[in-house]
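Comments concern the structure below.
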Amino acid sequence: MRVLLTGCAGFIGWRVSQFLLSQGHTVLGIDNLNDAYDPRLKEWRLAQLQESKKFRFRRLDVARDQDMEFLFDQEDRFEAVVHLAARAGVRQSLRDPWAYLETNVTGALNLLEQCRLHGVEKFVLASTSSIYGHAPRPFREDVDASRPLSPYAASKKAAEALAYAYHHLYGLDITVLRYFTVYGPAGRPDMSVFRFIQSLAEGRPLTLYGDGTQERDFTFVDDIARGTLAALRPLGYEIINLGSDRPVSLKHVIALLEELLGKKAKMVYRPRHPADVSATWADISKARKLLGWEPQVSLEEGLKQAVAW
């Protein structure tokens, strides 16, 4: 297949691109390489991808309709678009909600419109477990998710709604993937696992928001990449959770990392943020049924690989 992948220098986009390339697909990756976190990490990931002859890169911004119009007019037709470019992070979205709406909503709209105009057969949209808010666990895709707790979650919910409208009106085949707390090598430095490892390794205080009993459904990035590729099959319109189905407390994760690094954390506790949910847990029965997917990498093995990186 010939695939357009947005956010190719991001954590998940980088790994999904590598999986696509390893299966013989051709990937055109786009990214604006913004400074939402240290761009050196994005440049490192991008350099890995550029070693493949089947990968091309263009520095473009999905939120600029002129960029997307120019791209689709200049390129041969894509058989699929995997839209992973996003502004991510719950707390950061409170500081600059406009950036989140611009990238996550306008960016999705620009791509959906170009897919409509250019006859793209498949559209995969990355979404988030943050959409569920205080919904009962385990989170099922058909639960009411109309009360997001942050601008980030709200922007992703809006993108999902746009995606459904384009499926209904124009027949686009769209799969929405709700990712659950993705971690692994070369992860996002603002995410908990990366921060915990860095603080422990450098002997710095480890800041924890809340008492550490809050639970997350940590999912290894390779499992997420496999699930994303599986979602390229024709499904009509579906929303599908990709998670580990094994929620654990942050305290448990820190204990595992202490053991791996041979160091004891110097804890600093801060109040839990009101935009943070107390716990997540993915019901992945739909992913098993429609994608033949389930996670393969245990938390223990995944943390070991993240620490090694």
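The values are calculated or read from the model by the stated rules, or taken from the named source; none is laboratory data. These numbers were taken from a predicted model, which means no experiment stands behind them. Glycine also receives a Cβ, built like all others from the backbone with ideal geometry; neighbour counts cover every protein chain displayed. The protein model used for the area step is the full one, side chains on, heavy atoms only, and it has no ligands, DNA or RNA in it. Shrake-Rupley method; radii C 1.70, N 1.55, O 1.52, S 1.80 Å.
Against the numbered list (1) closer than 22 Å to Leu299 by Cα; (2) within 24 Å of the chain's Cα centre (by Cα); (3) open to solvent by 20 Å² or more (accessible area, probe 1.4 Å), Pro234 comes up short only at (1). Taking the criterion of being closer than 13 Å to Leu109 by Cβ and either under 16 Å from the mean Cα position of the chain (by Cα) or in contact (Cβ under 8 Å) with a residue 24 or more places away in the chain (or both), the residues of the stretch 157-169 that qualify are Ala158, Ala159, Glu160, Leu162, Ala163, Tyr164, Tyr166. Only residues that are in contact with a helix residue (DSSP H, G or I) (Cβ under 9 Å, 6 or more places away or on another chain) and either farther than 20 Å from Arg216 by Cα or surrounded by fewer than 22 Cβ atoms within 10 Å (Cβ to Cβ) (or both): list them for the stretch 282-295, please. Scanning the stretch 282-295 gives Leu290, Leu291, Gly292, Trp293, Glu294.
Conditions (1) out of contact with any Asp or Glu (no Cβ under 7 Å at 6 or more places or on another chain); (2) assigned to a loop (DSSP other than H, G, I, E, B); (3) over 20 Å from Pro247 (Cβ atoms), marked per residue:
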{"site": "Arg137", "(1), (2), (3)": "yes, yes, no"}
{"site": "Arg147", "(1), (2), (3)": "yes, yes, yes"}
{"site": "Lys157", "(1), (2), (3)": "yes, no, yes"}
{"site": "Ala165", "(1), (2), (3)": "yes, no, yes"}
{"site": "His168", "(1), (2), (3)": "yes, no, yes"}
{"site": "Pro185", "(1), (2), (3)": "yes, yes, yes"}
{"site": "Asp190", "(1), (2), (3)": "yes, yes, yes"}
{"site": "Phe194", "(1), (2), (3)": "yes, no, no"}
{"site": "Leu200", "(1), (2), (3)": "no, no, yes"}
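Going through (1) crowded, with 21+ Cβ neighbours inside 10 Å; (2) in a helix (DSSP H, G or I) one by one, Asn241 falls short only on (2).
Of the residues that make up the stretch 266-281, is at least one within 26 Å of Val120 (Cα to Cα) and assigned to a strand (DSSP E or B)? There is no residue in the stretch 266-281 that is within 26 Å of Val120 (Cα to Cα) and assigned to a strand (DSSP E or B). With the structure loaded, tell me whether Lys122 is under 27 Å from Leu299 (Cβ atoms), among the basic types (Lys, Arg) and modelled with pLDDT of 95 or more or whether it fails that test. For Lys122, the condition - under 27 Å from Leu299 (Cβ atoms), among the basic types (Lys, Arg) and modelled with pLDDT of 95 or more - is not met. From the list Ala306, Ala275, Ala279, the one residue that fits, being open to solvent by less than 30 Å² (accessible area, probe 1.4 Å) and out of contact with any Lys or Arg (no Cβ under 7 Å at 6 or more places or on another chain), is Ala306. Could you say whether any residue in the stretch 249-258 is in a helix (DSSP H, G or I), open to solvent by 20 Å² or more (accessible area, probe 1.4 Å), in contact with a helix residue (DSSP H, G or I) (Cβ under 7 Å, 6 or more places away or on another chain) and not aliphatic (A, V, I, L, M)? Looking through the stretch 249-258, at least one residue is in a helix (DSSP H, G or I), open to solvent by 20 Å² or more (accessible area, probe 1.4 Å), in contact with a helix residue (DSSP H, G or I) (Cβ under 7 Å, 6 or more places away or on another chain) and not aliphatic (A, V, I, L, M).
Hey, any hits in the stretch 170-183 for a residue that's part of a helix (DSSP H, G or I) and open to solvent by less than 10 Å² (accessible area, probe 1.4 Å)? No, there is no match, as no residue in the stretch 170-183 is part of a helix (DSSP H, G or I) and open to solvent by less than 10 Å² (accessible area, probe 1.4 Å). Residue-level analysis places Ser129 among those that are within 20 Å of the chain's Cα centre (by Cα), open to solvent by less than 40 Å² (accessible area, probe 1.4 Å), among the hydroxyl-bearing types (Ser, Thr, Tyr) and over 22 Å from Ala63 (Cβ atoms). Scan the stretch 5-23 for residues that are surrounded by fewer than 24 Cβ atoms within 10 Å (Cβ to Cβ) and closer than 15 Å to Ala80 by Cβ and jot them down. Hits for the stretch 5-23 are Phe19, Leu21, Gln23.
All conditions but one from (1) in contact with a Phe, Trp or Tyr (Cβ under 8 Å, 6 or more places away or on another chain); (2) at pLDDT 95 or above; (3) surrounded by fewer than 23 Cβ atoms within 10 Å (Cβ to Cβ) apply to Ala225; the one that does not is (3).
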